[in-house]
Structure formats: C-alpha cells, structure tokens
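> This is the structure, below, for whatever I ask next.
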Amino acid sequence: MIAPSIQHHASPRPVRVAPPHDALPALKLLRTVIRNPIEVWPQAVYEEPLYRRRLLSRDTVFVMDPDLVRTVLVDEAAKFTKSEAMLRSLEPALGEGLLTADGERWRWQRRAAAPIFRHERILGFVGEMIAAAERRRDAWLSIAGGTVDVAHEMMHTTFDIIVETMLSGRAGIDAGRVERGITDYLESTSWTVALALLRAPRWVPYPGRGRAERARDYLREEVLRIVAARRHSGERRSDLIGLLLEARDPETDRAMSDQDLADNLLTFITAGHETTALALTWTFYLLDLHPEIADRVVAEVATVTAGGPLRPEHVEQLAYTRQVLQEAMRLYPPAPIVVRAAQEDLVLAGERIPAGTSVYVPVYAIHRHVRLWDEPDRFDPERFVPSVVKARHRYAYLPFGAGPRICIGMSFALLEAAAILAVLLPVVRLSRASGRDPDLKLRITLRPGTGLPMRVARRQGRGG
Ligand code: HEM
C-alpha cells in the first residue's frame, strides 16, 4: 500500500496551475482574470467533458471531450469565428492577418502563405536553425558557470531563425526591443480579455495600455520599413515577403496593401518565434527535473550524428528528442487555450449553445485531463511512442490546435525545436539557478512569470 506514494515522491512533480477551490465571486474572478486568467479555470475543467458558466458577462462553454473538440474545431468549424476577447487582444497589433482574420479574408491569406510551409521547403531551413543554435551554444560555452534567462535566450534564438528564414535576414530589426515589445504588449492582454468579458467598449483605458501601444507602434513601424525597403528595391525573392507581395485575392485579384503585409509579417514574426521559444524553455525546465531523460536525448543525438556535428538530415531522425518535446508541450502547451465564438445556435453534448457563446478549448486542461491521461502531471515522453499515440484519441492532444485553423508553422516549429535541443543539450547542462519552480502565467501564451534563470555548466562525457 505504501509503495505508490514512495514512488510518487521519488519522481519530481513539475509545476502546475492550482485551480480555485470554490466558484470565485465576481470581483475575485475579475481580479484573477487580470492577474492570471488560467487560475480561474475550475477543477471541473480537468475532470468533466464540458463545463458551462457565465464568466463576468459572457456565457462561456469549456469543451474538453475530444469528440466535442473535433466538433468545434473541425467538423463544425464554419459555424465559429475567432472570439471577441482574442480579437480585442491581438487585432490592434496583428490587424486582419492570418491569425486574426476570418472567412474569405482568412482563406486567401492562408493559401498565399502555404507554399513556404511545404515540407521540402521547411527542410531547406534546417541549416539556418542549426546555425542559430550553434551561435547560442558558443555564447553559452563562453560563459560556462554563469547564469542565463533561458526564456529570454530561447526568444532570441528563435527570433534569429524566423527573420533569417522568413524575411531572408535580420533587416536591421533590434531583437531585444522586439522581445521587450512583445512582452509589454502581451502583458496588457489580460486586461483586454477582462474588459471583453465585461463587454466594456474598446476605448476604455487600463494600466499598461500606453506602453502596449508604444510597443505595438514600434513593431508595426519596423515591419512597414521592411516592406517599404523590399518594394523599393524591386528585388524578387521567394521568402515570405516575396510570396505575400505576389499573392492575389482570387475573388478580387487584389494584391496585399502595405498594411495587409505588415499585419501578416508581424503575425509570422510573433506567432513564429515566441511559441517555439516557450516550448524549448519549458523543455529545459523539465529536463532539469529529469536528468535521466536529458541523458537519453544526448545519447540519441550521439547515435544519430555518429558523434559528429548535427546536420540537417539528422534532425528528422531524432525520434526520442521529438517525443520529449511533444510531452513538454503536453504539460506546458505554449498556446494553452483556443477560443471561438459560435456564430449560429448549435447543440453540444445535448447542451443548447446559442449564437454568441464563447467556446473555450482549454488545451492546457485537456492535456492534463484525468479521463484522458494516466497520471496527467507526470513528465513521461513514452506517451509519444508512435503505438501509444495511435491508441489515443486524436483530439486529446492539440498543442497546435486542429482543423482548418491548425498552426501553419507546426512542422517548422517541431524541426526547429528538435534542432535547437540537439545542438545545445549535448554540450551544456542547465539547472535552475534559484532551485525554485517557475510560475505559470497565461498571456495568450503560457510563459514562466519571471523568466527562467538557469546555471550553465559544460556537460561532461560524450558530448562535451
Ligand atoms: C511550438 C510552437 C508553436 C505552437 C505551440 C503554435 C500553436 C498554434 C496554435 C494553437 C494555433 C491555432 C490557433 C487557433 O486555432 O485559434 C496556431 C496558429 C498559427 N500559427 Fe502557430 N504555433 C507554433 C509555432 C508557429 C510557427 C513556427 C509559425 C510560423 C513560422 C506559426 C504561425 C502560426 C500562424 C500564422 C497561425 C494562424 C494560422 C491560421 O489561422 O490559419 N506558429 N499556432
């Protein structure tokens, strides 16, 4: 009888969100939404197939059952649009780009961007991914024994990769300012979400609004500058800017305006690096808790590369490394919630859902749902052995969403994360500088509240 609890203590428990004990009264709910919206999700979201409640002034349905998730995101996707809270948070920066547009406007932008995400094309980017990771590795080795904020370091690494691969070079963008700009902007989004739940008009001021708007203006000016420079040069390249410049709306034959281009470039720059950086950040945290799993990744890299440097063709062969990343994204999905607004009345699991209802797909909670996962809080990459994946419901795991709006950058992100991990892990060992767990903060993405400071040591043995 005692054995299971001993085992339980032997395996470190990665940090998780603590759901509230009781239903929160309105004022406390509002305060919690502003501080950290994921902390209002009740225990029921981790246990029930569907949970319905009024969140401030919005009728809200949480959908956890994988069949219902499929209904919302795939089968009946046409009956939903992006939600008011998400649009209100993201539209001021991303306009009506690929992530935020709906209907026909979304469809032609998706078609325009699709060629750059074809598998063969993405494989051509892996060399850049490895090179950026090697620059980070060399920087870390030069300060071995020191401490780095892994969250910040991963943001810079993935930022370098997105501008190298999608914009054909850095184009003079200040990565540090972009990172601060994104953080400042995202920081304000818990207010915009709360105000949307309260149905307050969009002009209502809130703390940090000025700072968020300055950040947004900086980011937009930078991408407009890049667009203007490309138009001015008349250069034709087949990078993302080139593809978008040549795209024509099939219905109107209209080309993208500079504003449309800026919306999309900013969408790709932000959606395309912050999420992957977070996936890696949480992976480094988990590997500090589980050095035996880190050792297995290092051993796999050594086998696949035969002890030599990582080359692009190796990355797809790193099956265990990919399992580790997938399991890290189960526990810490960088995009922990997907939200939609019902455009028509419909019925879900016998519940009448009137048009206008917000439908939350709480990815973080689905990934830790007691009916879907055995010991949901345990980090166990074996869950992603192909035969185990096959036996599981397809919609029990959705770090990249699902259906027509599934992440366009999914393969890019998986290759990128595996390449970065496979370059860094064999040479360095990272351990939390404070010995404490990071805190989980929802700001559209799932971020470590105050970064993730880790000590960098040279890894002894085969790799270093
Ligand atoms: C680990 C990394 C990533 C995660 C976890 C992630 C997650 C997601 C999720 C959940 C969605 C769907 C949102 C919804 O349905 O409302 C999405 C959409 C999107 N992602 Fe990613 N993403 C990642 C990396 C990337 C990368 C590398 C790029 C670009 C290079 C990218 C670009 C986009 C875009 C443009 C969309 C909107 C697609 C559409 O609506 O058609 N993402 N992402």
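Every number in this text was worked out from the coordinates using simple rules, so none of it is lab data. Predicted, not measured: the structure shown is a model, and the values here were computed from it. Note that we place each Cβ from the backbone using ideal geometry, even for glycine, and neighbour counts take in every protein chain shown.
> Using the Cα gyration tensor of region 366-464, with a ≥ b ≥ c the square roots of its eigenvalues, what is the shape: rounded (a/c below 1.5), prolate (a/b larger than b/c) or oblate (neither)? Intermediate values should be presented prior to the final figure.
Numbers: a/c = 1.67, a/b = 1.48, b/c = 1.13.
Prolate is the answer for region 366-464, as a/c is 1.5 or above and a/b outweighs b/c.
> Note down the magnitude of the dipole of region 40-88 about its Cα centre, charges +1 on Lys and Arg C-beta and -1 on Asp and Glu C-beta and zero elsewhere, to the nearest 20 debye.
For region 40-88, the charge dipole is close to 340 debye.
> Taking square-rooted eigenvalues a ≥ b ≥ c of the alpha carbon gyration tensor, is region 1-139 rounded, prolate or oblate, where a/c under 1.5 means rounded and, failing that, a/b exceeding b/c means prolate?
Here region 1-139 falls in the oblate category.
> Test of the criteria: in region 32-96, which GluC sites (Glu not before Pro) are in a DSSP loop and have at most 11 other Cβ atoms within 10 angstrom of their Cβ?
When the GluC sites (Glu not before Pro) of region 32-96 are filtered for loop state and at most 11 Cβ neighbours within 10 Å, nothing remains.
> Same structure again: If amide H atoms are built 1.01 Å from N in the plane of the peptide, which residues on other chains or at least 5 residues away come under 5 Å of the amide H of residue 55?
Sorted by chain and number, the residues that satisfy this are 60.
> Rg/Rh for the chain to two decimals, with Rh computed the Kirkwood way over all alpha-carbon pairs.
When Rh is taken as the Kirkwood radius, the ratio is 0.95.
> Which trypsin sites (Lys or Arg not before Pro) from region 342-417 combine a DSSP loop assignment with at most 12 other Cβ atoms within 10 Å?
Counting only loop positions with at most 12 other Cβ atoms within 10 Å, none of the trypsin sites (Lys or Arg not before Pro) in region 342-417 qualifies.
> Here's another thing I want to ask about it. Starting with the fewest neighbours, write out 159, 125 ranked by other beta-carbon atoms found within 10 Å of each beta-carbon.
Ascending number of Cβ neighbours within 10 Å: 125, 159.
> Quick one: 282, 203, 191, fewest Cβ neighbours within 10 Å first, how do they rank?
Fewest to most other Cβ atoms nearby, the residues stand as 203, 191, 282.
> Rounded to the nearest 20 debye, what is the charge dipole size of the chain about its Cα centre when +1 sits on each Lys and Arg Cβ and -1 on each Asp and Glu Cβ?
Details: 63 positive and 58 negative charges, 129 e Å.
That gives a dipole near 620 debye.
> Select from region 141-192 those GluC sites (Glu not before Pro) which occupy a DSSP coil region and have at most 13 other Cβ atoms within 10 Å, ordered by residue number.
none
> Quick one: length gained pulling residue 121 to residue 175 fully straight, 0.36 nm per residue minus the C-alpha distance?
16.9 nm
> Of 117, 80, how do they rank once you tally other Cβ atoms within 10 Å and put the fewest first?
In increasing order of surrounding Cβ atoms, one gets 117, 80.
> Sum up the charges of everything whose Cβ sits under 14 Å from the Cβ of residue 233, counting Lys and Arg as +1 and Asp and Glu as -1, but leave residue 233 out.
+3
> Treating only the Cα positions of region 104-148 as identical point scatterers, give the base-10 log of I(q)/I(0) from the Debye formula at each q in 0.13, 0.17, 0.25 Å⁻¹.
Log10 of I(q)/I(0), two decimals: -0.53, -0.65, -0.85.
> Here's a follow-up. Please give the calculated 222 nm ellipticity per residue for the chain, where each DSSP H segment of at least 4 residues contributes -39500 (n - 2.57) and the sum is spread over every residue; nearest 500 deg cm²/dmol?
Dividing the helical sum by the residues of the chain leaves -15000 deg cm²/dmol.
> For region 93-242, what is the relative contact order in percent, using Cα pairs closer than 8 Å and at least 6 residues apart in sequence?
Values: 76 pairs, mean separation 35.0, N = 150.
RCO, region 93-242: 23 percent.
> Testing the spin-label approximation: label points 7 Å from Cα along Cα→Cβ at residue 53 and residue 143. State their distance in nm.
4.2
> Right, next: Helix by helix through the chain, keep the DSSP H runs that span 20 Å or more along the axis on Cα and average at least 1.6 on Kyte-Doolittle, and give those back in order.
410-424
> So, one more: Name the residue from 389, 117, 36 whose Cα lies farthest towards the positive end of the charge dipole of the chain, charges +1 on Cβ of Lys and Arg and -1 on Cβ of Asp and Glu.
It is 36, whose Cα lies furthest towards the positive end.
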